Number of protein chains: 4
Amino acid sequence: MKAARLFAYDKPLRLVDAETPRLKNPADVIVRVTGAGVCHTDLHIVEGVWKEKVQVTLPYTLGHENAGIVEEVGPAATSVKRGEKVILHPVITDGLCRACRIGEDMHCENLVFPGITADGGFAQFIRSSERSLVKLNSRTTSGSNVVVQGVGGLGHIALQLLRCMTNAYITASDIAESKLRLAEKMGAHRVIDARRDPVKQVMEFTKNQGAEVVIDLVGNDQTLANGMRMLRKGGSLIIVGYGGTANLKAIDMIFSEFSVLGSLVGNWDELRELIELTRQGKVRVLTQKGKLDEVNDMLDQLKKGTLEGRGVVIP
Amino acid sequence: MKAARLFAYDKPLRLVDAETPRLKNPADVIVRVTGAGVCHTDLHIVEGVWKEKVQVTLPYTLGHENAGIVEEVGPAATSVKRGEKVILHPVITDGLCRACRIGEDMHCENLVFPGITADGGFAQFIRSSERSLVKLNSRTTSGSNVVVQGVGGLGHIALQLLRCMTNAYITASDIAESKLRLAEKMGAHRVIDARRDPVKQVMEFTKNQGAEVVIDLVGNDQTLANGMRMLRKGGSLIIVGYGGTANLKAIDMIFSEFSVLGSLVGNWDELRELIELTRQGKVRVLTQKGKLDEVNDMLDQLKKGTLEGRGVVIP
Amino acid sequence: MKAARLFAYDKPLRLVDAETPRLKNPADVIVRVTGAGVCHTDLHIVEGVWKEKVQVTLPYTLGHENAGIVEEVGPAATSVKRGEKVILHPVITDGLCRACRIGEDMHCENLVFPGITADGGFAQFIRSSERSLVKLNSRTTSGSNVVVQGVGGLGHIALQLLRCMTNAYITASDIAESKLRLAEKMGAHRVIDARRDPVKQVMEFTKNQGAEVVIDLVGNDQTLANGMRMLRKGGSLIIVGYGGTANLKAIDMIFSEFSVLGSLVGNWDELRELIELTRQGKVRVLTQKGKLDEVNDMLDQLKKGTLEGRGVVIP
Amino acid sequence: MKAARLFAYDKPLRLVDAETPRLKNPADVIVRVTGAGVCHTDLHIVEGVWKEKVQVTLPYTLGHENAGIVEEVGPAATSVKRGEKVILHPVITDGLCRACRIGEDMHCENLVFPGITADGGFAQFIRSSERSLVKLNSRTTSGSNVVVQGVGGLGHIALQLLRCMTNAYITASDIAESKLRLAEKMGAHRVIDARRDPVKQVMEFTKNQGAEVVIDLVGNDQTLANGMRMLRKGGSLIIVGYGGTANLKAIDMIFSEFSVLGSLVGNWDELRELIELTRQGKVRVLTQKGKLDEVNDMLDQLKKGTLEGRGVVIP
C-alpha cells in the first residue's frame, strides 16, 4: 500500500510502497484510512522533538488522528464488523491495567500510539484494536437522557438550565397540554403526556435503557413511582416537589445502583449563577404578576394548575 | 405595613396591617419587597404539611422567593447599600458553621427560613441578612473567564466545546487576523490580538482579576509565560500545545495557588462525546483536505500558520 | 505591648514596644498570643522575597501561625467569647465573595494575611476576625459520624475499611451480642444494641445532629426506616443489604436534602484495592469454612444469624 | 465435577455431578474454585427474591464470591497464566461499553453475573473472563506512592496526615540524617537520602513507574526538578515550599499529563480537621519553643536546618 513515512528527521516524509498491516493480536482491527489529520505533533516528530520521549526506529508512518472503514476484524473482536465507519481513538490500550479500569486510558501501562510509536494513518491501511474504535453509525444515548416531571414555576426554569448547562437529551413530562407546549418553548427536546403511561414512553425512546436522571418537580406518589421506573442502571432520581411518598424496594435500589436525592433550594452561589444566566439571556423566567391582595387567587390557580410559569406577588 | 399572613391552617391568607420588620442583628438588612414568588410550598404550608417539620407560631407572613430594594442596612453589613436592587437567597445563614464554610449553606446549623420559619415576603418589607443577598447591579465575572491561546486545528474545536459545555465568557487569542475571525465564527465572545500585549488586555477586561482557565494550544515560551500571567488566583493553565518551556517560580505558584496541567489526547469516552456533539451540530470541524502525496505541502502550510482549521489527508 | 518586628530587609527582627491592636471592624477579635509558629516564610519575608508579591510598609510584626486566648470581641462577633482558646486560621476573609461562599477562603477577594500583609503574631496581641478562629474547646462532630447497621460477612469488613480509609467516628449496630463484640474487635468506636431504639441512641451521642452516613447491610423494613431517621441534614443512606422497602416521604427527603444510594458489588478497581488493604494487614476477613456438601448447613446458619464473619465453601 | 445447584426455589441446594465448564469466548478463563463465599444473596435467591429481577433457568449453580487457581486460559487472554491464584470480581463485563470505559463496570451493558444469572462457584470449576480476575501474586503499586520532600515543620505533619488520610506508600526524602529519623517516627514507610540521587531511588523501588504524588515542602530549584522527574504518568507535583523555579518543558507536561499545583495555606475547614486529628492523637506536632526575644535565634536555626519540627514563639 501507499504510505507517507518518515525516513530521516528534518526531512520531508516520503511517499512509498509499504507493507499492508496485518492482524497481530486477537482483538486487532485493520482499518482502511479515509481521513488522517495533520497536526503540529507531526511537525514536532519530523523535527526530532519526540526522539527522546519515545523509542521508535525510522522509517515509520506518521498520522495519529485517523478515521476509516473497518477492513478486517480479529477473532476476539466482537463489537465491530467489516464495512463499518469508525473513528480511531489515537492510542491502543490494554483495557486491563488499573489506568484503563478507571477510565484513564491515556495512562495505560501498555500504551501503543500509532503515528508516534508505531505505524500511523498516513497510509491506505492502519492496524488498530477493537477497544480504540468509536463507531459512527451508533447514536450514543449514554449519559444523555434527563426527564423533567412537571413544567411549572420551577420546571420551566429547570428545562432551560439543562439546556445551557448540559448536552443532555431533555424530555419534559406533564399532564397539561399547555405545560407541554411551554416545555417545548423552553427547550425540551421531547415532551410526553404524563396521562399516557410516561414510563412506557421513556422506555421506548431510550430502547429500554431508561434515563440517567429524572428530576421530579411534582413529588406525588405517582410521579415518584414513575420516576423510579424510568431510571437507567446507575440513574438518579432528584426530588424537588413533595407531598407524596417514594416506596423503594431495597433490592431494586441495589440491583440497579440507583440514587435518590432530595433538593431543597440550592446554595447562594447557585442562585448567583442562575441570576447571571438570566442576565445572559440563557434563562427566561415566565411570570404571572398579581397584587398582594390577589395572593389567595394566585394560590388557588396554582392548586388548579392553571398558573403558567411562576406567580409573583408585587406588594 | 401590609402583609399576607397565615392565621389558621387550611384557611386563606389574610391581608392585614403588620409591624414593619426592624434590624435585629448587626448584619441584618431590611428589604422593600418588589416581588415575591408564589410556590407550591406556600400551598403545602397552608395545608399544614410543614407543621411537623418546623416550629412556627401562627400568625406569620408567607413568601420565601423574594426580591426587592435595600431599605436599611445593619452596622456590620458592608457589602450592600440602601437603594440597591437585590434578590434574596431564601435562607439566612450564619456563615460560621462547617456547612457554610464548605459552601453547603442549605445545611447551616443556624438556618432561618423566612416565609417558612419566620416572616416572609408577602409583605411590603422583609428582614434578611447581608449574606443572603445577591446584588443585581454587579455583573459577576467570577468563575467565568476562559482564554484560548491559538485558534488552529484544535483551538477552533476547543472554542466550540467551551460554548456548548460551559457558560464561561470565552476569549480567543491569536497572532493572525484570519484566526481571530475564525474564532468569532466559532463562538468566542471576545478575540484579542496576541501581538499586542495579550496579558494586559486580559487584565483590563477582567478588572485585574485574570482568567480562571487558560488553555494554551500553542505551547511556546511566550504563550506559556503569558498564560501564567493571565491567571486569576486559583486559576489553571492547561497545556496542550508544546515546544516551549514554562518557568514557574514556586512563590507565584503557591501565592496564587495556580495549577498547571498537561493534556495529551483525552480518553476514549471524551472522543465519543466529541463525536456525539458533532452529530448534534454543536461542534463543527473545519477541514482542509489533501491527497496523501500532498502531506508535505500541508505540513509546510501548518508550519507557516496558513492552514485554516484541521488539515486532513485522504489516502 | 512587646512585638518582634521587621524594620529592614535582610536584618534581624527587632523586639520593640508596639501599640496594642484594637478592634476595627464589627466582627474583629483581639487574641492574646500564646504561641506563634516560626516558618520558612518568615525567612523569605526577611530576605525580601515577598516585597514584590504584596504591598506592605515596614516596620511590621511577623508571625502568621498563631494560637491564643480571646481577649476582646467585636460587637458583631457572636460565636466566640473572651477567655476561649483559639487557633487562628492564617488569613482574614470576608465570607461574602464567591471564593468564600464555595469554601475557597484562600482565594478571598478581600484577603488580609496577618504576619505577611498586616501585623502578625510575634507579639503579645494580634487582631483577627471571628471567621478566622477555630475554637479548641468544641469537639467537632461535623463530617465524622458513620453508622454501620449489621456486623455480618460484609459489615465486619466495612468497619475495617472505614477505619483505614476515613477518620470518621464509627458506630456499629446489631441485634446480636456476639456481633457487637466482633464490631469492637474490628475497630468500631462505639457499638449500639439495635434492639434498644438505635435511632434514639444515635441522636443522643450526636447531640441530635444524626450521622452523616448510614450504611445498611441488613436492608429490612426496620433497618431502612431506622437508617433514614438516624441521618443528619445532608446525610446519606447507603443500602447494601436488601429484602425490605424504604418508605421515603418526599418532604423529608427535600427538607433535609438526604441521599439514598444503592450499592451492589463495587468495581474491579475497588476489589483490587480491598485485596491490597488485606495484604497490608489493614483489613482482615473473618471466615468460617465448610465443604461443598456443607453448603446447606452454612446457609441455615446464615439465616439464623449464627455465622460469624463470612462463610466460605471450599469445593 | 461436583456442584451445589438450585433445582427448586425454597428447597436446599443439591450436590450433583455437573458438566465442567469450558472456554466459550476468546478471553474466557476457567478457574478451579478454592473458596466461594456464602452470602445473604444466596438465601434470597433460594427464596425466589431474584426471580423477577433476572432471567435464569433452574437448575443452576450458586456462588458469586469466588477465588481459585487458573486452570485454563482462552486464546485472547494474555494477562493470566495457568496456575496463578486469582480472586474473581463477581461480574463478567465487556470492557467496551461506556460504563466499562468510565470505570463503572457494575453498569456494563452486557453484564453476566455468575452465581446469579449463570453458573457460579459452589463447584469445582467456574468459567470467568480475563477482565474479571485480580491476581494475588502481583503487588499493586498503582495509586499508592507519595513522596514527601523535606521533613521540617510542615513535612513531619504532612507525613502523619498521609498516614491517617490515605493508604499510600509514603516515602520521605531529606538531606539531613536527623530528619530522616524523624520521618520514620512520623510514619514514613521509606526514607531516602536526598543527597544520593533521590530520583533514581524512587524510580528503582517503583519499578520505573514513579510516584503518583510528590509534595515538595522545600521548593528550591533542585527539589522542584527532582520532583518532576519522580512523577508517574498522570502524576501531580504539589508545591508548598518556595524560593526556586520549576522549568517545565511543555512536551513533558503533555506527554505524561502531569499536574503541578501550588498550595498556600489550606482552608478554614482543613485547619479545623487538622485540629480534630490532633485531638484524636493521629497527628502530633513536634515543637521547639522559645521566648519572643529568641525569635531571631530560631530563625537562624531554621535557616541552618537544625530546628526539629516546628519552632514556636511564646510571647
*Output the strands (runs of 3 or more DSSP E) that fall wholly within the range C:231-315 and possess 2 or more residues being more than 30 Å from B:Val54 (Cβ to Cβ) and away from chain A (no Cβ under 14 Å), or say none.*
C:287-291, C:310-314
*Check C:Arg284 against each of (1) open to solvent by less than 20 Å² (accessible area, probe 1.4 Å); (2) within 30 Å of D:Asn137 (Cα to Cα); (3) modelled with pLDDT of 95 or more; (4) not aliphatic (A, V, I, L, M) and name the one condition it does not meet.*
(1)
*Return only the number of the condition from (1) in a loop (DSSP other than H, G, I, E, B); (2) at pLDDT 95 or above that A:Arg139 does not satisfy.*
(2)
*Taking only the range C:132-147 into account, find how many residues are buried (at least 20 other Cβ atoms within 10 Å of the Cβ) and more than 26 Å from C:Gly235 (Cβ to Cβ).*
2
*Looking only at the range C:199-216, decide whether some residue is small (Gly, Ala, Ser), within 12 Å of chain A (Cβ to nearest Cβ) and in contact with a helix residue (DSSP H, G or I) (Cβ under 9 Å, 6 or more places away or on another chain).*
no
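Quick grid of which residues meet (1) in a loop (DSSP other than H, G, I, E, B); (2) acidic (Asp, Glu):
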{"position": "A:Val148", "(1), (2)": "no, no"}
{"position": "A:Arg163", "(1), (2)": "no, no"}
{"position": "A:Ala172", "(1), (2)": "no, no"}
{"position": "A:Arg181", "(1), (2)": "no, no"}
{"position": "A:Glu184", "(1), (2)": "no, yes"}
{"position": "A:Ile192", "(1), (2)": "no, no"}
{"position": "A:Val199", "(1), (2)": "no, no"}
{"position": "A:Asn208", "(1), (2)": "yes, no"}
{"position": "A:Glu212", "(1), (2)": "no, yes"}
*Could you grab the pairs with beta carbons closer than 6 Å, sequence gap of 6+ or different chains, first residue in the range A:96-122 and without any contact (Cβ under 8 Å) to a residue 40 or more places away in the chain, second one of a type in the set (Val, Ile, Thr)?*
A:Cys100/A:Thr93; A:Gly103/D:Ile102; A:Asp105/A:Thr93; A:Met106/B:Val265; A:Cys108/A:Thr93; A:Leu111/A:Val91; A:Val112/A:Ile92
_Can you list residue pairs whose Cβ atoms sit under 7 Å apart, with the first residue in the range C:160-180 being away from chain D (no Cβ under 14 Å) and the second being acidic (Asp, Glu)? Count only pairs 6 or more apart in sequence or on different chains._
C:Ser178/C:Glu308; C:Leu180/C:Asp174; C:Leu180/C:Asp193
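Can you say whether A:Lys11 is at pLDDT below 95 and of a type in the set (D, E, K, R), as far as the supplied structure shows? Walk me through how you get there before you give the answer.
Working: at pLDDT below 95: no; of a type in the set (D, E, K, R): yes.
No.
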*Filtering the range D:1-35 down to residues that are of a type in the set (A, V, I, L, M, F, W, C) and open to solvent by 60 Å² or more (accessible area, probe 1.4 Å), which residue is nearest to the other protein chains (Cβ to nearest Cβ)?*
D:Leu15
*asked:* For the range A:95-116, give me each residue that is more than 8 Å from every other protein chain (Cβ to nearest Cβ) and open to solvent by 40 Å² or more (accessible area, probe 1.4 Å).
replied: A:Glu109, A:Asn110, A:Leu111, A:Val112
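Starting from residues that are open to solvent by less than 10 Å² (accessible area, probe 1.4 Å) and not in a loop (DSSP other than H, G, I, E, B), keep the ones in the range D:117-128 and report whichever is farthest from the other protein chains (Cβ to nearest Cβ). Talk me through it step by step, then tell me what you get.
Going through the range D:117-128, the residues open to solvent by less than 10 Å² (accessible area, probe 1.4 Å) turn out to be D:120-123, D:126, D:128.
Now restrict to residues that are not in a loop (DSSP other than H, G, I, E, B): D:123, D:126, D:128.
Details: D:Ala123: 6, D:Ile126: 9, D:Ser128: 12 Å.
In this case the residue turns out to be D:Ser128.
Looking at the range A:36-76, which of its residues are among the aliphatic types (A, V, I, L, M), open to solvent by 10 Å² or more (accessible area, probe 1.4 Å) and facing chain B (nearest Cβ under 10 Å)?
First, pick out the residues of the range A:36-76 that are among the aliphatic types (A, V, I, L, M): A:36, A:38, A:43, A:45-46, A:49, A:54, A:56, A:58, A:62, A:67, A:69-70, A:73, A:76.
Those still in the list that are open to solvent by 10 Å² or more (accessible area, probe 1.4 Å) too: A:43, A:46, A:49, A:54, A:56, A:58, A:67, A:69, A:73, A:76.
Residues satisfying the conditions are A:Leu43, A:Val46, A:Val49, A:Ala67.
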*asked:* Name the residue that is farthest from the other protein chains (Cβ to nearest Cβ), counting only residues in the range D:78-93 that are open to solvent by 50 Å² or more (accessible area, probe 1.4 Å) and charged (D, E, K, R).
replied: D:Arg82
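Just wondering, is there one or more residues in the range A:27-44 that are more than 28 Å from B:Gly152 (Cα to Cα), modelled with pLDDT of 95 or more and assigned to a loop (DSSP other than H, G, I, E, B)?
So the first thing to find is which residues in the range A:27-44 are more than 28 Å from B:Gly152 (Cα to Cα), and the list is A:27-30.
Now drop any that are not modelled with pLDDT of 95 or more, which leaves A:27-30.
Next, from what is left, pick out any that are assigned to a loop (DSSP other than H, G, I, E, B): A:27.
Within the range A:27-44 (the criterion being more than 28 Å from B:Gly152 (Cα to Cα), modelled with pLDDT of 95 or more and assigned to a loop (DSSP other than H, G, I, E, B)), the answer is yes, since at least one residue qualifies.
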_Looking only at the range D:148-182, filter to residues that are more than 21 Å from C:Leu277 (Cα to Cα) and basic (Lys, Arg); which one of those is most open to solvent (accessible area, probe 1.4 Å)?_
D:Arg181
*asked:* Can you tell me which of (1) buried (at least 20 other Cβ atoms within 10 Å of the Cβ); (2) of a type in the set (Val, Ile, Thr); (3) within 27 Å of C:Leu111 (Cβ to Cβ) is the one B:Ile192 doesn't meet?
replied: (3)
*Counting only residues that are over 28 Å from C:Asp105 (Cα atoms) and without any contact (Cβ under 8 Å) to a residue 12 or more places away in the chain, which one in the range D:214-265 is surrounded by the fewest Cβ atoms within 10 Å (Cβ to Cβ)?*
D:Phe255
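Let's see how each residue does on (1) over 20 Å from A:Lys303 (Cα atoms); (2) more than 17 Å from the chain's Cα centre (by Cα); (3) aromatic (Phe, Trp, Tyr):
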position	(1), (2), (3)
A:Arg163	yes, no, no
A:Tyr169	yes, no, yes
A:Asp174	no, yes, no
A:His189	yes, no, no
_Residue ID - nearest to A:Asn167 (Cα to Cα), chosen from residues in the range A:202-218 that are under 17 Å from the mean Cα position of the chain (by Cα) and charged (D, E, K, R)_ = A:Glu212
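The values are calculated or read from the model by the stated rules, or taken from the named source; none is laboratory data. This one's a predicted model, so the numbers in the text were calculated from it and none came from an experiment. Methodologically, a virtual Cβ is constructed for each residue, glycine included, from the backbone with ideal geometry; neighbour enumeration extends over all protein chains shown. All accessible areas refer to the heavy atoms of the entire protein, side chains included, with ligands and DNA or RNA removed. Shrake-Rupley method; radii C 1.70, N 1.55, O 1.52, S 1.80 Å.
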